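Chemist: My structure is below; once you've seen it, I'll send some questions.
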Amino acid sequence: MSKAPPSRRAIEFRNASIGATVAVLRETRPDRLADELHKMLGGRPDFFSGEAAILDFSDLTDAPERIDWAGLLSLFRRFQLQPIGVSRLPEEYAAAARQAGLAMLDGAIGTAPAAAPRPAPRAEPAPRPAPEPAPRPAPSAAATTMFVDRPVRSGQQVYARGGDLVLLAGMSNGAEVIADGSIHCYGPLRGRALAGAQGNERARIMATNFGPEIVSIAGIYRTFEQGIPAAIAGRPALVRLTAGDKGNTLTIEPLQLD
Amino acid sequence: MTRVVVVTSGKGGVGKTTTSAAFASGLALRGFKTAVIDFDVGLRNLDLIMGCERRVVYDLVNVINGEAKLNQALIKDKHCENLFILPASQTRDKDALTEEGVEQVLKELEHMGFDYIVCDSPAGIERGAVLALTFADEAIVTTNPEVSSVRDSDRILGILQSKSRRAAEGQEPIKEHLLVTRYSPKRVEDGEMLSYKDVQELLRVPLIGVIPESESVLQASNQGTPAIHLKGSDVAEAYTDVVARFLGEERPLRFVDYVKPGLMKRLFGGK
């Protein structure tokens, strides 16, 4: 992944992939959360060591009049989590959240990093009124194909926003690749591969050496607890959705390459 | 030009410190002025393996905090003329290390005319390990032939790609070398252990050597002698090969095939 030499401008915008922890909140009262965190982390308040966090409100059970953002932020900072944004936040709380300096990250499907190449600085994605983000129409793939020249290693995450992802050196167990379009993998496909992340059911996953932990297309996924079928393990394979009586099913089939 | 080499692994107990000591000694035996730095602040071990624990007065943290001069903290090795050890502090923790401080120490070593600086990384992926690899030009990723070690090495390779200074500045990436340690050809033959080919296939990094599992490593550690000095042992030979390959020489892989013990050895050989 070669980068351009540093420019002489005083400020420069680059794409970054950040790893962030998603904190799914079912409560918003800082005191209740503090008790829970204390129980979970016990004597290890440094468990998170300053990681970035996205607060996810999709599972919220109570509907308070207002959310104590200042209290929430200082609570998480006390546990060394740095909230950077919110996701699936009901509209009525959004203004206050923005005022507290949090970004609206609904477009970024939870943990997916902002990775699409954009020349200009980007405004914050507009907040969505609905808590469930509706699948967007798939943008044209060729415009935003993302190429990764080096192996994607365990713990790394790559997100090809709005297009296809081409892995030219494969990926390892424990890595995660996500694409709004299809995933093409030359080399071993070993970690988690999620295509059609915004709901594109026509997305596919192609690999020359098939051996993932999980594959998913448009949210329909398959794990391989019993091992990968011998016909495709370590061999070229294609994953796609096929329409059936009971809706779409995920099919994996060998791919003839020569 | 000083080259900074980090010896790293992610997982603990795979042989990073043993490798750092042997590799740095090997470079010094080849005539290069070499420094080896222990980044494992709080759990220092390198001084024990190098047999200089009684001579530690100042350490890396003292130098970073300006409490001692670098040449006061550097300990001259007892085996090699041009090898110096910079020990870690046992009484601090890894937060005592700062990026600026480490950079300053490395710069100063460069001014002192060192050819190679070997950074012995602590286990894990936290501050100490990241600082050990931040300024590296090359990395020796030490891996045992078992899945958890391979997984952790893979993680460290990812961190080399993302957190090193070379990556941050968009320079040529760190040159990666795979070193498989504690290798037992017999257990590979019996199917109990991954083969070095499996490990390389999983990690996709050029192999710089395979170090056989050997009791002499433990013996050497206890005596405070880097394993490369154990004349005639397979471990010393294997490390010598690693240093040669690192310097660009071609050496065939040794000690990777299982040789069945002969009848006499089976009857009388003991071990």
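The values are calculated or read from the model by the stated rules, or taken from the named source; none is laboratory data. No experiment lies behind these values; they were computed from the predicted model shown. Using ideal geometry, Cβ is built from the backbone for each residue, glycine included, and neighbour counts are taken over all protein chains shown.
Chemist: Does segment B:199-214 include one or more residues that are of a type in the set (Asp, Glu) and over 28 Å from residue A:172 (Cβ atoms)?
Modeler: Scanning segment B:199-214 turns up no residue that is of a type in the set (Asp, Glu) and over 28 Å from residue A:172 (Cβ atoms).
Chemist: Scan segment B:134-150 for residues that are without any contact (Cβ under 8 Å) to a residue 60 or more places away in the chain and either in a helix (DSSP H, G or I) or among the β-branched types (Val, Ile, Thr) (or both) and jot them down.
Modeler: Selection gives B:134, B:147, B:150.
Chemist: Let me ask you something else. Could you list all residues from segment B:176-198 that are closer than 19 Å to residue A:172 by Cα and touching a residue at least 24 places away in the same chain (Cβ under 8 Å)?
Modeler: B:176, B:177, B:178, B:179, B:180, B:194, B:195, B:196, B:198
Chemist: Could you list, in sequence order, the residues of segment B:89-122 that are at pLDDT below 95 and crowded, with 19+ Cβ neighbours inside 10 Å?
Modeler: B:89, B:94, B:96, B:97
Chemist: Also, quick follow-up: Which of the residues that make up segment B:115-126 are within 13 Å of chain A (Cβ to nearest Cβ) and of a type in the set (A, V, I, L, M, F, W, C)?
Modeler: Within segment B:115-126, B:125 is the sole residue that qualifies.
Chemist: A further question follows. Confirm whether residue B:60 is in contact with a strand residue (DSSP E or B) (Cβ under 9 Å, 6 or more places away or on another chain) and free of Cβ contacts under 8 Å to residues at least 40 places away in the same chain.
Modeler: Considered against the rule, which asks whether it is in contact with a strand residue (DSSP E or B) (Cβ under 9 Å, 6 or more places away or on another chain) and free of Cβ contacts under 8 Å to residues at least 40 places away in the same chain, residue B:60 comes out as no.
Chemist: Would you check if residue B:259 is of a type in the set (Val, Ile, Thr), within 14 Å of chain A (Cβ to nearest Cβ) and either in contact with a strand residue (DSSP E or B) (Cβ under 7 Å, 6 or more places away or on another chain) or part of a loop (DSSP other than H, G, I, E, B) (or both)?
Modeler: No: the conditions fail for residue B:259.
Chemist: What residue, of B:21, B:35, B:28, is surrounded by 23 or more Cβ atoms within 10 Å (Cβ to Cβ), free of Cβ contacts under 8 Å to residues at least 60 places away in the same chain and not in a loop (DSSP other than H, G, I, E, B)?
Modeler: Only one candidate passes the filter, namely B:28.
Chemist: What number of residues within segment B:160-205 are surrounded by 15 or more Cβ atoms within 10 Å (Cβ to Cβ) and on the phi > 0 side of the Ramachandran plot?
Modeler: 2
Chemist: Limited to segment A:155-194, what total is found for residues that are touching a helix residue (DSSP H, G or I) at 6+ places or on another chain (Cβ under 7 Å), surrounded by fewer than 24 Cβ atoms within 10 Å (Cβ to Cβ) and within 14 Å of chain B (Cβ to nearest Cβ)?
Modeler: Residues in segment A:155-194 being touching a helix residue (DSSP H, G or I) at 6+ places or on another chain (Cβ under 7 Å), surrounded by fewer than 24 Cβ atoms within 10 Å (Cβ to Cβ) and within 14 Å of chain B (Cβ to nearest Cβ): 3 in total.
Chemist: If you take the residues of segment B:127-159 that are within 13 Å of another protein chain (Cβ to nearest Cβ) and within 25 Å of residue A:14 (Cα to Cα), which of them is surrounded by the most Cβ atoms within 10 Å (Cβ to Cβ)?
Modeler: B:156
Chemist: Let me ask you something else. Suppose we filter B:176, B:201, B:192 for residues that are more than 14 Å from chain A (Cβ to nearest Cβ) and under 26 Å from residue A:191 (Cα atoms); which single one remains?
Modeler: Matching residue, one of B:176, B:201, B:192: B:192.
Chemist: Answer yes if at least one residue in segment A:31-45 is modelled with pLDDT of 65 or more and within 14 Å of chain B (Cβ to nearest Cβ), and no otherwise.
Modeler: Scanning segment A:31-45, I find at least one residue that is modelled with pLDDT of 65 or more and within 14 Å of chain B (Cβ to nearest Cβ), so the answer is yes.
Chemist: Moving to a separate point now. Kindly indicate the residue of segment A:195-224 that is touching a residue at least 24 places away in the same chain (Cβ under 8 Å) and out of contact with any strand residue (DSSP E or B) (no Cβ under 7 Å at 6 or more places or on another chain) and also nearest to the other protein chains (Cβ to nearest Cβ) among those meeting that condition.
Modeler: By that ranking, first place goes to A:198.
Chemist: Here is a further query. Return the pairs, sorted by first residue and then second, in which the second residue is surrounded by fewer than 10 Cβ atoms within 10 Å (Cβ to Cβ), the first residue lies in segment A:46-66 and is part of a loop (DSSP other than H, G, I, E, B), the beta carbons are less than 8 Å apart, and the residues are 6+ apart or on different chains.
Modeler: Sorted first by the residue in segment A:46-66, then by its partner, the pairs are A:58/A:132.
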